[in-house]
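Some notes on the structure that comes next.
The values are calculated or read from the model by the stated rules, or taken from the named source; none is laboratory data. Predicted, not measured: the structure shown is a model, and the values here were computed from it. Backbone-built Cβ (ideal geometry, glycine too); neighbour counts: all protein chains shown. Keep in mind that these areas ignore ligands, DNA and RNA; they rest on the heavy atoms of the full protein, side chains included. Shrake-Rupley method; radii C 1.70, N 1.55, O 1.52, S 1.80 Å.
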Amino acid sequence: MDTLLEVKGLRKYYPILGGVLRKKIGEVKAVDGVDLKVRKNECFGLVGESGCGKTTLAKVILRLLEITSGSIYFDIPKKVRKKMKEMDSRKFERVKKEYDLSTFKGRRLKDIRRRMQIVFQDPSSSLNPRMLIKDIVAEPIKVHKLMRGRALRDRVEELLSYVGLTRDHLFRYPHEFSGGQRQRVAIARALATNPDFVILDEPTSALDVSVQAQILNLLSNLQDNFNLTYLFITHHLLVVKHISERVGVMYLGKLVEVASTKELFKKSLHPYTRALFSSIPIPDPEIKKKRLILKGEVPSPANPPSGCRFHPRCPYAMKKCREEEPSLINVDDNHYVACHLFDKRG
Amino acid sequence: MRELLKVQNLKTNFYTYEGIVRALDGIDLDVKEGKTLGIVGETGCGKSVTALSILRLILPPGKIESGKVLFWYKGELSVDLLSKDEVFLRRVRGNEISMIFQEASSALNPVYSVGEQISESFLLHQKRELYKAIIEEIEKNMREDNFFLKNFVYRFHKRIYKKMLENSKSLRIRFISLLPLINRYKVWLKKEVSRRVVDILTKLGVPDPQRIMERYPHELSGGMQQRIVIAIALACNPRLLIADEPTSNLDVTIQAQILDLIRRLKENLGLSILFITHDLGVVAELCDYVAVMYAGNICELAEVRKIFKNPSHPYTKALMNSVPTLEEKKLESIRGNVPNLISPPEGCRFHPRCDYATEICARVKPDMVEVEDNHWVSCHNFLRG
Amino acid sequence: MKVSITNRKRSEFKEELLPRIKEIKFSFNRFKKSPLSLMGLTLIIFFLGIAIFAPQLAPPKYPHNPYRIPRDGYSAIPRPPSPEHPFGTTEGQYDIYYGVIWGTRTAFRVGLTVVGSILVIGIILGSISGYYGGVVDEVIMRIVDTFMSLPTLVLAMALVSALGRSLDNVMKALIIVGWPSYARLVRGDILSVREEDYVEAARAVGCSNLRIIFRHVLPNAIYPLLIMASLDIGAMVLTAAALSFLGLGAPVGYADWGQMTSFARNWIVGPPDNPLAYWYTITIPGLFILFFVLGWNLLGDAFRDILDPRLRRR
Ligand SMILES: Nc1ncnc2c1ncn2[C@@H]1O[C@H](COP(=O)(O)OP(=O)(O)O)[C@@H](O)[C@H]1O
Ligand SMILES: Nc1ncnc2c1ncn2[C@@H]1O[C@H](COP(=O)(O)OP(=O)(O)O)[C@@H](O)[C@H]1O
Ligand code: SF4
Ligand code: SF4
Ligand SMILES: [Mg+2]
Ligand SMILES: [Mg+2]
């Protein structure tokens, strides 16, 4: 299948300012070298605990934050992709530059924004409290000057109907809605410009389970109807299982395991993924599972542990783990793991 | 099995600008001694209000309209917390029932170290136990070390503590406590308290408790703060612990640690717990009994296995079908929205969203019926059958 | 056909208006609940009435220059209230009644122009500073700091002395002294609003910076500012009066409350046997100033209750 988004060696460090002169005294390595491929029309799930850099990654991909280093390639046409194989390195570099989002500015950036959208976690803060629903949903269309007047109005109603709202909701303020309805409005806004790629940053974490089910079902339907590609961010493994085809597990700014959902739920390899699995409360009292309770807490990304970042909490940590950082390698038919236990080279 | 707490027909309203919020519409439940009762429900269904009403901590514009909260006290299930005066309640709140909240950081005082805060809880609620332990300790020291002068001091200190055991507010003691050198007897208390703080922190799996004691709340992570809150609650040696979503703000791996901790406390101390959560998974892992709440009502109450094996109330069924599980299944959502509690639906509050609703549901509020042993449902479908 | 389109337009227009009317009704209900805000509103409406009907309440003697207070002789000693001078006269026989009535207009003019200009300048500089940050922010904020480290009244006095004595110069001076605190407030609010998810969402959608500032940031940051502005109208009038009292304001004989109090400077305490003999010279303009400032303050507090979105809903 075709790749829509490719992220290479992406890093985002937040400066830590301190002292009287507010000089940089350190860095929070929120995203520290992430390689990621999202295929066309798939839903890629990104799982990790809070603070591991999921939101930062999303914002960097959308260019809402400045990139520290790395590249983001978005929708390189098939022809170019084919040709790239035969190109010499200089030409290759030039082509890559042309599709590297991290270098985009002005017009081109705005164009890209039409094709990539985001839905945030907290629907009560992602909608401007002083705008009517119809203005919120119409805004992307107005900004890109795609439609106006009657057509715009009809389009807004159409969008609302996609997400299960009606024209009665047009002239209301966000505070008049429940959390689930607000999230629907946010989804309608994200779909307004007919994007190809939507990042969903924990879209259901602030919602109740029954509402979560509504939103998850809605998102699946929309994906089928509009050929959307999703990057679905969540901290909830069971949610990922229901919505995505492939999953990446993140820990402290790095991907530690990437596999298809089936594979991951059948046989997770990385010790952190396994700990995550045993930590999720399963709504079935009959299942008596073996508990693998991690000791300690996630270290600060300002000062990550040496070697494998998971080693202070890892039950299988070896000497090598403290010294050498494992890289993400393909262990089995597109099942990638970053752990020395599975590194057959050494 | 003995019931420790019995809530009967509890009704609480909030008188707001928009109208009267009928937050609790006649709640009945009981917590059995040594068991954990989970309350599950979606946001706004009245879980927190239930907990606060039990302890009568509802602030205006809220008001408890009617009902009883019977608590096992001095040998019988007779005290109605709602009819007692504030002085009595204050004693109950600390000594008999402790509460922990979702926001650990706001439950802790930012200007005191966590050690001080836990000590405070000991000193407030367990004075007598402390004094007794100190007297024993002094006696032990007297036996081991019978040097004449020291013995004299020991005997003096022991007398003071005996006196305090009889009457902790004695004027004479207060006077003595102000005198330098002579009030050295306080060192015993300090030592004993800090020993107990370290003890409880160790029991709660806090690594390096000596050092953590010195820290201030903001220096600790969310999971650690929640542990401290639990330590403070347990320091009063309560018989009932009310926990209002204590793990909802925590990450799954940390949540697993805390749940494991609570499970062990339950087993080792025989603590009774009222555990509030919105997560059916947590209920399944931790609780013995479950009450499912919807819009200010309890719709189903049963032993945990029974409710998961045989969910009977239409809302419970729908809720279970909407949570993602390990199995491959399509998530089913409940149509419509949670009702506004200012003008809740007549009759069964679930009827506008219920697939099984009949004509009577819109008119009459269903009573609780026992469909099998220890399994209660409030739904007309079961009343008739 | 045409009718139906206009009908449709009208109904849409109505729909569009409805939620806003609902908001206003909600605010008004809040407003009605507090007697103090009603009192503030009454006071301001009362003064507004005086200002509007000044020509009827006190027909000008010089229609081309109605702000000139008519004199009744040149005697230095004030005269007490009498049928032709209901509030008495000041030294130099200026009519107090005429002065305070037309002075209301002056007060509104000073208050509204000064605060209006300050708002505009503050919003523009504060937005630039807060939204863009960096060097621009540094420069603007250092200027603000410099201004704010000097005492307001002294700075205003110095400025008026330098510019020359006139009401316009007083207003200019007050604008120059007043904008920094607004710029700082706007900057702070913008910094906090800028972090909100809906601003991030607007950027993700592709909104330009200008649009983000005007559609998303300012509407959510402006309320504290309006509250401060309504409180400041009173304060600015008070400062202007203080300058006039010190002889730095409007020219002699101009209808202005500060000017009126300055006429009373030598007559605040009367002769030893009757210290309150000339009470009307200071009390009447003083009361006008007092109630005007009080009215705006109460109104400002009411605005805070109504408009502050954090306090709005439980
Ligand atoms: N604006 C910021 N400045 C400094 N540090 C930040 C900022 N935003 C996030 N961080 C830090 O970066 C890390 C990753 O944050 P985030 O991407 O929000 O994680 P997640 O979305 O996975 O919870 C966290 O440790 C967080 O404290
Ligand atoms: N202080 C309050 N003022 C008005 N209504 C309140 C107040 N506290 C709670 N409520 C209402 O009571 C209902 C139950 O709230 P709560 O018990 O907090 O729900 P949850 O189950 O999420 O803990 C909600 O509908 C809420 O709107
Ligand atoms: S590399 Fe070592 S420390 Fe890291 S997860 Fe694997 S075994 Fe554990
Ligand atoms: S009482 Fe009626 S409406 Fe309520 S849950 Fe039972 S069947 Fe549904
Ligand atoms: Mg996040
Ligand atoms: Mg709650």
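Working only within the range B:94-122, note down all residues that are part of a helix (DSSP H, G or I) and surrounded by fewer than 14 Cβ atoms within 10 Å (Cβ to Cβ).
B:Ser106 - this is the single residue of the range B:94-122 that is part of a helix (DSSP H, G or I) and surrounded by fewer than 14 Cβ atoms within 10 Å (Cβ to Cβ).
Return yes or no: is C:Phe292 at pLDDT 85 or above, surrounded by fewer than 20 Cβ atoms within 10 Å (Cβ to Cβ) and under 30 Å from C:Phe28 (Cβ atoms)?
In short, no.
Of the residues that sit in the range A:159-174 and are within 14 Å of chain B (Cβ to nearest Cβ), assigned to a loop (DSSP other than H, G, I, E, B) and without any contact (Cβ under 8 Å) to a residue 40 or more places away in the chain, which one is least open to solvent (accessible area, probe 1.4 Å)?
Taking the candidates together, the pick is A:Leu165.
Inside the range B:321-341, can you point out the residues that are within 28 Å of the chain's Cα centre (by Cα) and either within 16 Å of ligand 1 (Cβ to nearest atom) or open to solvent by 40 Å² or more (accessible area, probe 1.4 Å) (or both)?
Within the range B:321-341, B:Val338, B:Asn340 qualify.
Among the residues of the range B:270-288 satisfying the criterion of being away from ligand 2 (no atom under 16 Å from the Cβ) and closer than 18 Å to B:Glu42 by Cα, which is farthest from the other protein chains (Cβ to nearest Cβ)?
B:Cys287
Residues A:Lys105, A:Lys142, A:Lys134, A:Lys96: which one is at the interface with chain C (Cβ under 10 Å from one of its Cβ atoms), surrounded by fewer than 20 Cβ atoms within 10 Å (Cβ to Cβ) and free of Cβ contacts under 8 Å to residues at least 60 places away in the same chain?
The unique qualifying residue is A:Lys142.
Which of the residues that make up the range A:296-346 are among the charged types (D, E, K, R), surrounded by 13 or more Cβ atoms within 10 Å (Cβ to Cβ) and part of a loop (DSSP other than H, G, I, E, B)?
Passing the criteria: A:Glu297, A:Arg309, A:Glu324, A:Glu325, A:Asp343.
Take B:Asn249 and decide whether it is more than 7 Å from every other protein chain (Cβ to nearest Cβ) and farther than 30 Å from A:Leu294 by Cβ.
No: the conditions fail for B:Asn249.
Only one of (1) over 24 Å from B:His218 (Cα atoms); (2) touching a residue at least 40 places away in the same chain (Cβ under 8 Å) is not met by B:Pro110, so which one is it?
Condition not satisfied by B:Pro110: (1).
Out of curiosity, is B:Ser48 away from chain A (no Cβ under 14 Å), surrounded by fewer than 21 Cβ atoms within 10 Å (Cβ to Cβ) and over 19 Å from the mean Cα position of the chain (by Cα)?
no
Select from the range A:303-333 the residues that are within 14 Å of chain B (Cβ to nearest Cβ) and out of contact with any helix residue (DSSP H, G or I) (no Cβ under 6 Å at 6 or more places or on another chain) and write down the one among them that is farthest from ligand 1 (Cβ to nearest atom).
This residue is A:Pro315.
Considering only the range A:262-276, state which residues are open to solvent by 10 Å² or more (accessible area, probe 1.4 Å) and either more than 10 Å from chain B (Cβ to nearest Cβ) or modelled with pLDDT under 90 (or both).
Selection gives A:Glu263, A:Lys266, A:Lys267, A:Ser268, A:Leu269, A:Arg274.
For the range C:89-185, list the helices (runs of 4 or more DSSP H) that sit wholly inside it and hold at least 1 residues that are farther than 30 Å from C:Leu57 by Cα and under 16 Å from the mean Cα position of the chain (by Cα); which are they?
Because the criterion is at least 1 residues that are farther than 30 Å from C:Leu57 by Cα and under 16 Å from the mean Cα position of the chain (by Cα), the helices (runs of 4 or more DSSP H) in the range C:89-185 that meet it are C:96-132.
Within the range C:74-85, can one find any residue that is open to solvent by less than 80 Å² (accessible area, probe 1.4 Å), free of Cβ contacts under 8 Å to residues at least 60 places away in the same chain and not in a strand (DSSP E or B)?
Within the range C:74-85, one or more residues are open to solvent by less than 80 Å² (accessible area, probe 1.4 Å), free of Cβ contacts under 8 Å to residues at least 60 places away in the same chain and not in a strand (DSSP E or B).
Look through the range B:1-26, keep the residues that are of a type in the set (Asp, Glu) and surrounded by fewer than 17 Cβ atoms within 10 Å (Cβ to Cβ), and return whichever of them is farthest from the other protein chains (Cβ to nearest Cβ).
Within the range B:1-26, the match that is farthest from the other protein chains (Cβ to nearest Cβ) is B:Glu3.
When the residues of the range A:175-206 are filtered to those that are over 16 Å from B:Asn337 (Cβ atoms) and within 13 Å of chain B (Cβ to nearest Cβ), which remaining residue is modelled with the highest pLDDT?
Taking the candidates together, the pick is A:Glu202.
Given the criteria modelled with pLDDT of 90 or more, among the β-branched types (Val, Ile, Thr) and in contact with a strand residue (DSSP E or B) (Cβ under 7 Å, 6 or more places away or on another chain), does B:Ile298 qualify?
Yes, satisfied.
Taking the range A:12-47 as the region of interest, how many residues are within 14 Å of chain B (Cβ to nearest Cβ) and within 12 Å of ligand 1 (Cβ to nearest atom)?
1
Only one of B:Leu37, B:Leu29, B:Leu89 is assigned to a helix (DSSP H, G or I) and open to solvent by less than 30 Å² (accessible area, probe 1.4 Å). Can you tell me which?
B:Leu89
Within the range B:285-308, how many residues turn out to be touching a Pro at 6+ places or on another chain (Cβ under 8 Å) and either among the β-branched types (Val, Ile, Thr) or open to solvent by 10 Å² or more (accessible area, probe 1.4 Å) (or both)?
4
Name the pairs: first residue in the range B:346-362 and away from chain A (no Cβ under 14 Å) and more than 16 Å from ligand 6 (Cβ to nearest atom), second residue among the β-branched types (Val, Ile, Thr) and in a helix (DSSP H, G or I), Cβ to Cβ under 8 Å, at least 6 apart or on different chains?
Filtered contacts from the range B:346-362: B:Gly347/B:Ile360.
What helices (runs of 4 or more DSSP H), lying completely within the range B:128-245, carry at least 3 residues that are open to solvent by 30 Å² or more (accessible area, probe 1.4 Å)?
Result: B:148-166, B:171-178, B:186-203, B:209-214.
Would you check if there is a residue in the range A:32-52 being in contact with a Ser or Thr (Cβ under 8 Å, 6 or more places away or on another chain) and free of Cβ contacts under 8 Å to residues at least 60 places away in the same chain?
yes
Could you tell me which residue of the range A:214-245 is farthest from ligand 3 (Cβ to nearest atom), considering only residues that are more than 18 Å from A:Thr261 (Cβ to Cβ) and assigned to a helix (DSSP H, G or I)?
The selected residue is A:Asn225.
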